[in-house]
Amino acid sequence: MTKATGSTGSTWATSPFIYRGPTSGATLRREGHEPFSVMLYDGATVDVPCDHPHIESLVAQRLLTPVVPAEPAVAATPPAATTRSRSSSRTEPKETNS
């Protein structure tokens with residue numbers, strides 16, 4: 001979540017969303033805050049106040065979808081080398097010559 005600050009020092013807590021719909025614009029108002037204006041373009045990612053009634057309405061209509069943060073990549077450890085015994089179907093650890 002980020003914060004957008006107006007010239008009067010008031011802040012709006014914002015979160016990223018992806019907009020899917022016709023080009024649109026909105027000016028969000030809240031007592032004690034400077035108006036928050038946003039343009040919405042199909043496929044664009046926008047930072048908007050997630051707790052504003054108009055934004056909640058767009059989310060309910062599935063026009064706005066929250067951006068899910070990417071999971072950090074985890075280094076995979078390679079599996080232990082195995083061989084199959086011809087006489088049985090079980091897997092046995094591979095022997096190494098040292």
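The values are calculated or read from the model by the stated rules, or taken from the named source; none is laboratory data. Just so you know, these numbers come straight off a predicted model, no measurement behind them. Cβ sites come from the backbone with ideal geometry, for glycine too, and all protein chains shown count toward neighbours. Just so you know, the surface numbers come from the protein's heavy atoms only, side chains and all, with ligands and any DNA or RNA stripped out. Shrake-Rupley method; radii C 1.70, N 1.55, O 1.52, S 1.80 Å.
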Label-point separation in nm, GLU31 to ALA60, each point 7 Å along Cα→Cβ
2.2 nm
Note down the accessible area of HIS54, probe 1.4 Å, to the nearest 10 Å².
80 Å²
Can you tally the net charge around VAL59? Count Lys and Arg as +1, Asp and Glu as -1, for every other residue whose Cβ sits under 13 Å from the Cβ of VAL59.
0
